[in-house]
Amino acid sequence: MPKKFTKATQLVHGGTRRSQYGEVSEAMFLTQGFVYATAEEAEQRFIKSGDDEFIYARYGNPTVRMFEDRLSQYLGYEDGFACASGMAAVNGALTALLKAGDKVVASRALFGSCLYVLEDILGRFGVGITLVDGTDNAAWDAAISDDTTLVFLESISNPTLEVIDLRHVCDTAHKHGALVLVDDAMATPVFSYAHACGADLAIISTTKHVDGQGRMLGGLICGSKELIRGPIETYIKHTGGAMSPFTAWTHLKALETMELRVRAQAAAAHKICETLQGHAKLTAAVYPTHKAHPQYSVAKSQSEAGGTVLTIEVKGGQAACFKFLNALEVATISNNFADAKTIATHPATTTHQRLPQEQKDMLGITDGLVRFSVGLESVDDIIADIKQALDAV
Ligand SMILES: Cc1ncc(COP(=O)(O)O)c(C=O)c1O
């Protein structure tokens, strides 16, 4: 069984399982199946597998299990189930836990694919969805009742960086017997406060800060052993959303450097936000734990830093914004975030293009909004790049 370590050490050693060869670097068990010494042993394992016994990689695999143990315990949770992507994790957790007639209360500022799973898929199967302004505690209080089965939210919303008072939402949900499931993609595992604030389940898109270098897709659902090895494992192992052992192996190696990377990126994001305050070509530069953020005090009370993404709003609408984006030389135009390479995204025409205009207006996804995912380049180079691109507008 894995030992308890301090957080930084947990990322390097947590969950390690060594083979009989005593390898230093984690082994990659790139196998679908496992051999049994006897027919009786096979029968026994199908009746009940022990913690270090596996049947088939869709159910579990030693490399994947190392990753699940290492990251879920780092986040404060008892257990985790690793999935093929962040969305496989979101869909798997929600579908495993909900049934027809259940009621979900969710923040309205949700990533498009999460909204699709909630409204289009779960809605089709008779789950009721109520969306609220996640920044408004009174709206949560009014919407959550004894009928609520589950509360779903992004701790920091993508792309507008809304911050939710998570402790308040968890307390309200628990008073009514509802589970809280947090999508923690933007908060980052390093600055996650889902467990500390009382969230029953946290979902990490490991595609983002765990991989951190724009290579692998993955996701992790964290929670109590009862939920993870109960309904969640049962649903995902039968429906095929498990993580591949190769992804788990690259993630294990990436976890070793995650704190170093994410802390550096978060400090750079804060510095860029500070430098851009009051810039003549911008209406706003926002980062969750920078004092210019509308929910600064809530953000600060929950976490040391607000992730690795900031937003800026360029004056002059889409034409000016496109001029700015096209003039960038260090930052690349793309739609992912949490890469080692700085990425600039124009949500209104890419990631959130399909939202109706009134929904974009309600969420603050304006034509001038740029989401900046800060990478590991020199922060001075990134700042100089943004300034020269703004000069071109
Ligand atoms: C908030 C949020 N949740 C979930 C996801 C899905 O993650 P993945 O791309 O790993 O499926 C994303 C991806 O951008 C996201 O931003």
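The values are calculated or read from the model by the stated rules, or taken from the named source; none is laboratory data. Treat the numbers as computed from the prediction; the structure is a model and nothing was measured. Glycine also receives a Cβ, built like all others from the backbone with ideal geometry; neighbour counts cover every protein chain displayed. Accessible surface areas use protein heavy atoms only, side chains included; no ligands, DNA or RNA. Shrake-Rupley method; radii C 1.70, N 1.55, O 1.52, S 1.80 Å.
Quick check on this structure: which one of THR311, THR283 is among the polar types (S, T, N, Q), more than 25 Å from GLY86 (Cβ to Cβ) and in contact (Cβ under 8 Å) with a residue 60 or more places away in the chain?
Checking each option against the conditions leaves just THR283.
Specify which of the listed residues (LYS315, LYS341) is in contact with an Asp or Glu (Cβ under 9 Å, 6 or more places away or on another chain) and open to solvent by 10 Å² or more (accessible area, probe 1.4 Å).
After applying the criteria, what remains is LYS341.
From the list THR160, THR172, THR188, which residue is buried (at least 24 other Cβ atoms within 10 Å of the Cβ) and of a type in the set (Ser, Thr, Tyr)?
That would be THR188, the only listed residue that is buried (at least 24 other Cβ atoms within 10 Å of the Cβ) and of a type in the set (Ser, Thr, Tyr).
Failed condition for PHE111, given (1) at pLDDT 95 or above; (2) open to solvent by 40 Å² or more (accessible area, probe 1.4 Å); (3) touching a strand residue (DSSP E or B) at 6+ places or on another chain (Cβ under 9 Å), with all others met?
That leaves (1) as the condition not met.
Taking MET66, is it more than 16 Å from the ligand (Cβ to nearest atom), under 27 Å from ALA194 (Cα atoms) and either in contact with a helix residue (DSSP H, G or I) (Cβ under 6 Å, 6 or more places away or on another chain) or not in a loop (DSSP other than H, G, I, E, B) (or both)?
For MET66, the condition - more than 16 Å from the ligand (Cβ to nearest atom), under 27 Å from ALA194 (Cα atoms) and either in contact with a helix residue (DSSP H, G or I) (Cβ under 6 Å, 6 or more places away or on another chain) or not in a loop (DSSP other than H, G, I, E, B) (or both) - is met.
Could you list all residues from the range 243-278 that are among the small types (Gly, Ala, Ser) and surrounded by fewer than 22 Cβ atoms within 10 Å (Cβ to Cβ)?
Residues satisfying the conditions are SER244, ALA254, ALA264, ALA267, GLY278.
Collect the residues in the range 211-224 that are part of a loop (DSSP other than H, G, I, E, B) and more than 10 Å from the ligand (Cβ to nearest atom), keeping them in residue-number order.
Passing the criteria: GLY212, GLN213, GLY214, ARG215, SER224.
Within the range 123-142, is even one residue more than 11 Å from the ligand (Cβ to nearest atom), without any contact (Cβ under 8 Å) to a residue 24 or more places away in the chain, surrounded by fewer than 21 Cβ atoms within 10 Å (Cβ to Cβ) and not small (Gly, Ala, Ser)?
Yes: the range 123-142 contains one or more residues that are more than 11 Å from the ligand (Cβ to nearest atom), without any contact (Cβ under 8 Å) to a residue 24 or more places away in the chain, surrounded by fewer than 21 Cβ atoms within 10 Å (Cβ to Cβ) and not small (Gly, Ala, Ser).
If I go through the range 193-210 residue by residue, how many of them are more than 13 Å from the ligand (Cβ to nearest atom) and closer than 21 Å to ALA84 by Cα?
The number of residues fulfilling the criteria is 1.
Restricting to the range 192-216, what's the tally of residues that are surrounded by fewer than 24 Cβ atoms within 10 Å (Cβ to Cβ) and either free of Cβ contacts under 8 Å to residues at least 40 places away in the same chain or of a type in the set (A, V, I, L, M, F, W, C) (or both)?
Final tally of qualifying residues: 6.
Looking at the range 34-63, which of its residues are loosely packed, with under 14 Cβ neighbours inside 10 Å, outside any helix (DSSP H, G or I) and not small (Gly, Ala, Ser)?
If the condition is that a residue be loosely packed, with under 14 Cβ neighbours inside 10 Å, outside any helix (DSSP H, G or I) and not small (Gly, Ala, Ser), then VAL35, THR38, LYS48, ASP51, ASP52, TYR56 are the ones that fit.
For the range 69-108: of the residues being open to solvent by 10 Å² or more (accessible area, probe 1.4 Å) and free of Cβ contacts under 8 Å to residues at least 60 places away in the same chain, which is nearest to the ligand (Cβ to nearest atom)?
This residue is LEU98.
Considering only the range 217-240, state which residues are open to solvent by less than 30 Å² (accessible area, probe 1.4 Å) and within 17 Å of the chain's Cα centre (by Cα).
Answer for the range 217-240, where residues must be open to solvent by less than 30 Å² (accessible area, probe 1.4 Å) and within 17 Å of the chain's Cα centre (by Cα): GLY218, GLY219, LEU220, ILE221, CYS222, GLY223.
Considering only the range 342-373, state which residues are free of Cβ contacts under 8 Å to residues at least 60 places away in the same chain, farther than 19 Å from CYS114 by Cβ and among the aliphatic types (A, V, I, L, M).
Answer for the range 342-373, where residues must be free of Cβ contacts under 8 Å to residues at least 60 places away in the same chain, farther than 19 Å from CYS114 by Cβ and among the aliphatic types (A, V, I, L, M): ILE343, ALA344, VAL370.
Go through the range 344-379 and count every residue that is closer than 21 Å to PRO288 by Cβ, among the β-branched types (Val, Ile, Thr), within 22 Å of the chain's Cα centre (by Cα) and open to solvent by 30 Å² or more (accessible area, probe 1.4 Å).
Residues that pass the stated criteria total 1.
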